[in-house]
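Scroll down for the structure; my scribbles are underneath it.
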Amino acid sequence: MARLTVSPDAESGMSLGNPKKKKNNFTRFFGQIDLQLMVIPALILIFVFSYIPMYGVLIAFQDYKIGSGSFLSSPWVGLKHFKAFFDSPDFNVVMRNTIVISFLKLIIGFPAPIILALMLNEVRKIVFKRVVQTITYLPHFMSWVIVGGMVSTMLATDNGSINMLLETLRVIDDPINFLSMSEYFWSILVTTNVWKEIGFGSIVYLAAIAGIDPHMYEAASMDGANRFKQIYLITLPSIMPVVTIFLILAIGNLLSAGFEDILILASNPALRDVSDVIDTYVIRVGINNYRYSYATAVGLFKAVISVGLLTIANYVARRAGNSLW
Amino acid sequence: MKNRRKLFVSVMSVLMVLSLLVGCSGNSGTNAEPPKQESNAGQTEEKQGGEQASQLYELGKEPLDFTLFGNYEWYTMPPWGKDETTAWIKENKKVTIKEIPNGGNNVQKLNTMIASGELPDVIWGERGADVERLREAGMLVALDDYVDKYPNLKKWLDSKALNMLRSPDGKLYQFPNWYTNRPNGNAGWVVNKKIYTELGSPKLETTDDLYTYLKMVKEKYPDVIPFETDLAKDGHGIDQLYSAFKENNLSFTRYFAVPDGDKMKSIYKDEAFRESVVFAAKLFREKLITQDAMTQTQDQVKEKMMNGRVAVYASSNPTVNGMQAHSELTKKDPDAGYFMVWPIYKEGLDKNKIYPGTYNKLGWNAAVITTSAKNPEAIFAFLDWYTGSEGMTLQMWGLEGEYWKGLEADGVTPKFTEKYTTDKEGLAKYQSKMDPLMWVGNTVYVDDIKGKFEATLPDNERNWSTYWQYEITWKTQGDSTEFINLNPLPETEEGIVHQRVKDTWLKARAQALYAKSDQEALDILDKAHEDSMAAGFQQVLDFYATRWHENLKIING
């Protein structure tokens with residue numbers, strides 16, 4: 001039944017390729033007017049909140065003072081704020097942390113939900129699958145403030161459950177001060193992130209897996225492929241387009257190493273050398289000190305690099321056959 | 001058929017999304033509307049008011065509506081007129097105050113309001129950068145004329161403090177909150193009574209005594225935190241340790257600089273500070289300080305205090321947790337609980353010159369009236385009344401008839417009823433409910449009245465924190481009025497350097513606590529000093545010194 005209602009859609013979609021109907025773009029547009037209408041709110045949203053405010057990046061090239069009326073009357077200073085950022089002693093530390101943390105998040109945090117989705121797909125008991133899915137995606141809805149509170153309580157030296165567990169198991173003699181030691185910070189940050197987002201991230205992959213034609217599995221098992229082979233030869237290639245798209249987007253976000261999570265988990269200033277990333281730097285040095293022009297310049301720098309990374313990633317993916325545009 | 005239904009469904013869903021969008025913007029539209037109307041209405045009123053400018057504005061002769069913005073992310077104002085006291089003010093003084101909510105993001109909200117020019121009538125928050133920005137943009141109303149005209153602020157605020165509140169242009173824009181003319185504050189040392197007695201009540205006065213005592217605690221009570229610092233990343237606990245090593249120490253950690261003759265010098269070169277850092281690192285290394293000092297949350301601190309798992313507790317405001325924990329612990333065991341001790345000092349120093357905390361005559365924060373206010377004088381008249389004896393009595397002890405009835409012969413001291421002593425919990429609840437509405441608190445008046453009354457009570461009936469305030473903390477807070485407002489504005493050249501130096505300071509202070517040896521702690525300080533100097537700290541130190549001398553000039557007349 002479900003397949004029947006879907007098929008006319010697929011047909012009309014397919015018919016676009018038909019030279020007879022491919023008159024011009026207008027006809028094409030009105031042919032799918034119901035679908036196009038649904039896109040409009042999203043377009044409006046992006047236009048209003050992402051494009052209209054964009055002219056504000058001009059203050060990166062000014063000495064802007066809030067309250068001085070229209071910002072166009074502020075003095076132009078060229079690349080002063082960019083130079084100040086590149087010359088600042090914090091630049092190297094901030095860039096290193098940003099890149100290291102986001103690479104860690106990419107290498108560990110990106111495949112994790114895919115693996116979870118593949119594993120969940122192999123679970124036969126529907127009830128168990130649902131329970132696991134619900135439990136894993138719940139943390140996504142908790143705010144970082146709450147997660148941060150939980151993590152700092154669990155990792156505390158005084159009555160912290162992790163330290164108590166390790167002590168009972170005789171792994172350690174004295175409690176370890178996890179949240180105060182720079183060498184542990186990256187692992188704690190990435191682990192917490194994976195724990196929080198793994199379930200929610202896996203939903204899209206589960207949906208992609210659900211769309212795979214079951215006949216392929218039947219055919220494969222007839223040919224004697226075991227379950228691992230089926231995963232490797234059928235499931236993975238079938239969801240590859242989705243994986244690629246998400247990978248491209250993730251690479252575009254490489255310079256967004258995180259913000260709230262770091263702000264909350266690295267409350268100890270002793271960790272600053274390993275925890276300061278672009279976004280935390282912007283809020284501390286820029287926004288909190290009313291240096292809006294400086295904050296904007298750093299943000300703009302980040303945005304330009306991100307667009308560059310996104311384009312490169314997309315170019316590579318296009319050569320491989322799956323790309324965003 | 002199917003297609004038409006599909007079209008219908010999608011058109012409907014599009015409409016719904018659109019209506020959501022429109023609905024949202026509609027909401028914010030209505031939110032923004034009222035102040036506009038008020039300010040329009042206000043302009044006509046102002047003209048009427050102008051004719052009788054020389055007369056005092058009489059509260060209650062006409063309705064006075066204004067808006068207020070609390071410039072703190074934690075701030076929400078209880079709705080005006082929903083409790084008895086504010087309902088009484090609304091009824092009798094015809095004053096209605098409406099909050100402009102900050103939505104938990106005060107910085108952004110204030111910036112939006114400044115940028116769009118739609119300011120609230122009153123902004124209440126920290127003195128300093130925000131006020132200066134508003135003043136420079138010409139968005140604040142000068143209060144000088146009003147101060148002379150209206151009775152209360154003039155009477156209660158020290159004239160030197162008033163001069164120090166002035167902005168660089170020589171005018172006064174800030175109506176101070178909890179201003180005072182004598183020491184106040186709660187910073188100090190709290191000790192667990194039960195553990196102390198069980199250990200034989202040893203002498204606990206000097207830093208050496210403290211070290212010995214903490215070691216004893218650690219040995220006999222492995223589950224107890226010997227020394228609890230509260231949130232050390234904000235300086236709690238470790239600032240109090242520093243205070244023990246230097247006479248006349250006025251919280252110089254705020255500026256990472258100490259006075260040296262008539263100049264300021266880097267704190268890293270201050271012998272007393274270096275000594276205190278080495279001492280703190282030693283305590284931390286030997287696990288005598290809570291190992292979570294830099295990372296813990298308020299809740300964790302409170303939990304330890306409430307369960308009596310802390311032997312010694314020092315912070316710049318230990319009385320909040322101290323009082324609650326004391327009353328909780330004494331419920332089960334009257335011999336348990338906490339008490340305060342005279343500030344710890346290093347052997348050889350004069351214990352009467354040790355200040356674990358400071359106060360300044362300007363008080364906590366301030367309210368400013370913006371140019372959006374339709375009748376600034378009327379608002380000032382209200383604030384002036386609110387900070388006077390009648391207003392303060394209402395805020396602290398409620399309407400007449402419950403906790404007080406009638407006034408003493410002086411006309412300002414309320415006569416407390418029996419309920420004032422019997423229903424302490426109810427009164428505390430009332431005061432904490434009113435607390436967010438106390439924008440222009442009058443410390444001297446309130447403390448005087450409270451003190452006069454508490455002095456008539458037997459010791460065991462006195463409020464824990466009031467008791468220790470009178471016994472110890474008020475006697476041991478230093479006057480740092482000459483050292484306030486030293487910080488440069490953030491977007492100036494000095495401000496940018498200051499920010500860098502502050503980053504270095506916060507990092508170094510935290511790292512030094514984890515130092516593995518005395519030498520490592522000192523190395524961290526030396527490194528921080530070099531980094532700060534390289535960033536241009538000298539410029540900031542000179543700036544501090546100039547500002548400090550300006551303050552001194554005002555204070556000395």
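The values are calculated or read from the model by the stated rules, or taken from the named source; none is laboratory data. Keep in mind that what you see is a predicted model, and the values were worked out from it rather than measured. Cβ coordinates were reconstructed from backbone atoms using ideal geometry, including for glycine residues, and neighbour counts include every protein chain displayed. Keep in mind that these areas ignore ligands, DNA and RNA; they rest on the heavy atoms of the full protein, side chains included. Shrake-Rupley method; radii C 1.70, N 1.55, O 1.52, S 1.80 Å.
For (1) in contact with a Leu (Cβ under 9 Å, 6 or more places away or on another chain); (2) within 22 Å of B:L143 (Cβ to Cβ); (3) in a helix (DSSP H, G or I), each residue gets a yes or a no:
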position	(1), (2), (3)
B:P79	no, no, no
B:K90	no, no, yes
B:T96	yes, yes, no
B:E132	yes, yes, yes
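Taking B:S251, is it closer than 30 Å to B:H549 by Cβ and open to solvent by less than 20 Å² (accessible area, probe 1.4 Å)?
no
For the stretch B:418-428, check the following and say yes or no: at least one residue is under 15 Å from B:D448 (Cβ atoms), at pLDDT 85 or above and not aliphatic (A, V, I, L, M).
no
Here are some residues: B:Q291, B:Q324. Which one is without any contact (Cβ under 8 Å) to a residue 60 or more places away in the chain, in a helix (DSSP H, G or I) and of a type in the set (S, T, N, Q)?
B:Q324
Which one of these does B:T76 not meet: (1) on the phi > 0 side of the Ramachandran plot; (2) open to solvent by 70 Å² or more (accessible area, probe 1.4 Å)?
(1)
With the checklist (1) closer than 30 Å to A:V77 by Cα; (2) in a helix (DSSP H, G or I) in hand, flag the one item A:L254 doesn't pass.
(2)
Can you name every residue in the stretch A:280-291 that is open to solvent by 40 Å² or more (accessible area, probe 1.4 Å) and more than 8 Å from every other protein chain (Cβ to nearest Cβ)?
A:I283
When you go through A:F85, A:F128 one by one, which is the residue that is within 14 Å of chain B (Cβ to nearest Cβ) and more than 23 Å from A:A250 (Cα to Cα)?
Criteria check complete, one pass: A:F85.
Counting only residues that are facing chain A (nearest Cβ under 7 Å) and in a helix (DSSP H, G or I), which one in the stretch B:510-519 is least open to solvent (accessible area, probe 1.4 Å)?
In this case the residue turns out to be B:A510.
Which one of B:Q499, B:Q469 is away from chain A (no Cβ under 14 Å) and surrounded by 18 or more Cβ atoms within 10 Å (Cβ to Cβ)?
Within the list B:Q499, B:Q469, the selection yields B:Q469.
Would you confirm whether or not the stretch B:325-339 contains a residue that is away from chain A (no Cβ under 14 Å), of a type in the set (A, V, I, L, M, F, W, C) and more than 28 Å from the chain's Cα centre (by Cα)?
There is at least one residue in the stretch B:325-339 that is away from chain A (no Cβ under 14 Å), of a type in the set (A, V, I, L, M, F, W, C) and more than 28 Å from the chain's Cα centre (by Cα).
Going by the conditions given, is A:P53 over 14 Å from A:Y281 (Cβ atoms) and at pLDDT below 90?
yes
Among (1) in a helix (DSSP H, G or I); (2) more than 14 Å from chain B (Cβ to nearest Cβ), which single condition is A:R170 missing?
With (1) in a helix (DSSP H, G or I); (2) more than 14 Å from chain B (Cβ to nearest Cβ) applied to A:R170, the lone miss is (1).
Test A:I52 against the criterion of being open to solvent by less than 70 Å² (accessible area, probe 1.4 Å), among the β-branched types (V, I, T) and more than 12 Å from every other protein chain (Cβ to nearest Cβ), and give yes or no.
no
Hey, can you tell me all the residues within the stretch B:520-538 that are open to solvent by 70 Å² or more (accessible area, probe 1.4 Å), under 26 Å from B:L489 (Cβ atoms) and away from chain A (no Cβ under 14 Å)?
Answer for the stretch B:520-538, where residues must be open to solvent by 70 Å² or more (accessible area, probe 1.4 Å), under 26 Å from B:L489 (Cβ atoms) and away from chain A (no Cβ under 14 Å): just B:Q538.
Mind checking which residues of the stretch B:259-286 are open to solvent by less than 20 Å² (accessible area, probe 1.4 Å) and either hydroxyl-bearing (S, T, Y) or in a strand (DSSP E or B) (or both)?
Answer for the stretch B:259-286, where residues must be open to solvent by less than 20 Å² (accessible area, probe 1.4 Å) and either hydroxyl-bearing (S, T, Y) or in a strand (DSSP E or B) (or both): B:M264, B:S266, B:Y268, B:S276.
Identify the residue in the stretch B:232-264 that is of a type in the set (A, V, I, L, M) and more than 14 Å from chain A (Cβ to nearest Cβ) and, among all such residues, is farthest from the chain's Cα centre (by Cα).
B:M264
Can you tell me which residues in the stretch B:98-120 are in a strand (DSSP E or B) and in contact with a helix residue (DSSP H, G or I) (Cβ under 9 Å, 6 or more places away or on another chain)?
Listed by number, the list holds a single entry, B:K98.
Among the numbered conditions (1) farther than 18 Å from A:N268 by Cα; (2) hydroxyl-bearing (S, T, Y); (3) surrounded by 15 or more Cβ atoms within 10 Å (Cβ to Cβ), tell me where A:S221 comes up short.
Status for A:S221: all satisfied but (3).
Tell me, yes or no, whether the stretch A:138-154 has at least one residue that is touching a Gly at 6+ places or on another chain (Cβ under 8 Å), aromatic (F, W, Y) and either within 13 Å of chain B (Cβ to nearest Cβ) or open to solvent by 50 Å² or more (accessible area, probe 1.4 Å) (or both).
No.
So which residues in the stretch B:134-154 are of a type in the set (K, R) and either part of a loop (DSSP other than H, G, I, E, B) or crowded, with 16+ Cβ neighbours inside 10 Å (or both)?
Across the stretch B:134-154, the qualifying residues are B:R135, B:K149.
Kindly check whether there is at least one residue in the stretch B:107-124 that is within 20 Å of B:K171 (Cβ to Cβ), of a type in the set (D, E, K, R) and open to solvent by 50 Å² or more (accessible area, probe 1.4 Å).
Checked against the condition, which is being within 20 Å of B:K171 (Cβ to Cβ), of a type in the set (D, E, K, R) and open to solvent by 50 Å² or more (accessible area, probe 1.4 Å), the stretch B:107-124 yields no hits at all.
Give, as residue ranges, the helices (runs of 4 or more DSSP H) completely inside the stretch B:352-424 that count at least 1 residues that are under 25 Å from B:P458 (Cβ atoms) and within 22 Å of the chain's Cα centre (by Cα).
Filter on the stretch B:352-424 gives B:389-397.
May I ask you to verify whether A:V93 is within 22 Å of A:Y281 (Cα to Cα), open to solvent by less than 80 Å² (accessible area, probe 1.4 Å) and away from chain B (no Cβ under 11 Å)?
No.
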